[in-house]
Amino acid sequence: MTFLDDVIKLAKDHDATRPRSQQVSVGWSEVGGCRAYLGYRLDGAWPSDETDTWAAQRGTAIHAYLETVITGPGIRTEIDTEYRGIPGHADIVTTDALWDFKTTSLASSRMWAADHSLLRQKRVQIHGYAAGLVDAGELPPDATVGLLVVPVDGTFRDWWSYEEPFDRALADEGADRLQQVRDLMAAGEPLPKDKPLTWCSNWCPFASMCRGADDPQAAEEITDAELVAAVARYGETAQQITRLYKDKDGLAEMIRGLRGTAGEWRIGLSKAGEPKDVPDEAAIAADYAARGAALPMTTKPGNAPRLNVRRIRKAA
Ligand code: SF4
């Protein structure tokens, strides 16, 4: 084991002992997730896989730091709450508002900002927190409930927030969803596997137990809203890039050779490169052949599989 291995192990072990990592009850941060996962959690199943918890640990560390910074009269942090038997911890509670930090990648943050429907699971979570605090008299029924989105690979300019009045219906939507899972389990019905296999293999602690027999090469219908949006955004971006490259190449033919200024733009050509000597591969091969020697060869890895995202053509 290297020192780096030791450090990573210490970080993982520390995370595993945190109270939240050992939480037995299904919490508000989970109720909108995969229903098969909720079934394992309700069953108290022991994880079959060790997943990479770095992103979660990084989020926890940022939360902890910000909570020490955001202090002041009337501001409370890490407040326990419970609604319809589902526990949670609200990040920030003031006299009339509740806020939850969401640390994420800049790419995800931009996707959420462009399509607020992707926030539904997060909204259910924070309204679940708020419902418990409203019922406990710690927030007024007309409290503001919001998300503070903090991209971990962005700058302060990339932070943004989403807020709305407290809506108990959203909290009930989450609690009803968990009850639906309980009802399906009681009836012996299979629980929907709401995540695609690649996601499961990377992130779910029950992946081997749940999907160990599934073919990793098989195509499947992806239903998770955020992943559906990510595929669509990737496909649309790739299409735009292709169009932009075509435009750029077409315009280059028109303007190549111009020198000087054009409105706000300056145009010129870089200097042509100087000729340089390189090994003559044909002569080397001929020389080895003439001497009856085998050309020294090495093996280079094949290309990584290319990501292919294309819009499905609709039947005419
Ligand atoms: S492996 Fe995938 S489908 Fe199964 S419980 Fe985990 S997230 Fe859900």
* To do: Would you be able to tell me the number of residues in segment 166-193 that are in a helix (DSSP H, G or I) and either on the phi > 0 side of the Ramachandran plot or β-branched (Val, Ile, Thr) (or both)?
  => 1
* Asked: Only one of (1) out of contact with any helix residue (DSSP H, G or I) (no Cβ under 7 Å at 6 or more places or on another chain); (2) without any contact (Cβ under 8 Å) to a residue 12 or more places away in the chain fails for Glu30. Which number is that?
  -> (1)
* To do: Would you check if there is a residue in segment 240-258 being more than 13 Å from the ligand (Cβ to nearest atom), surrounded by 10 or more Cβ atoms within 10 Å (Cβ to Cβ) and not in a helix (DSSP H, G or I)?
  => yes
* Out of segment 27-57, which residues are within 13 Å of the ligand (Cβ to nearest atom), assigned to a loop (DSSP other than H, G, I, E, B) and not charged (D, E, K, R)? -> Gly32, Gly33, Cys34, Ala45, Pro47, Ser48, Thr51
* Is one or more of the residues making up segment 160-178 buried (at least 18 other Cβ atoms within 10 Å of the Cβ) and within 13 Å of the ligand (Cβ to nearest atom)? -> no
* To do: Look through segment 61-118, keep the residues that are of a type in the set (Asp, Glu) and part of a loop (DSSP other than H, G, I, E, B), and return whichever of them is farthest from the chain's Cα centre (by Cα).
  => Asp96
* Structure fact -> A careful count of residues in segment 179-213 that are among the aliphatic types (A, V, I, L, M), away from the ligand (no atom under 13 Å from the Cβ) and without any contact (Cβ under 8 Å) to a residue 24 or more places away in the chain gives 2
* Asked: Can you find a residue in segment 106-117 that is within 25 Å of Tyr83 (Cα to Cα), in contact with a strand residue (DSSP E or B) (Cβ under 8 Å, 6 or more places away or on another chain) and assigned by TED's automatic domain parsing to the domain that holds Val69?
  -> yes
* Asked: Within the bounds of segment 79-91, is there any residue that is surrounded by fewer than 12 Cβ atoms within 10 Å (Cβ to Cβ), more than 16 Å from the ligand (Cβ to nearest atom) and over 23 Å from Leu148 (Cβ atoms)?
  -> yes
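The values are calculated or read from the model by the stated rules, or taken from the named source; none is laboratory data. Computed from a predicted model, the values in this text were never measured in an experiment. A quick note on method: Cβ atoms are made from the backbone with ideal geometry, for glycine too, and the neighbour counts reach across all protein chains shown.
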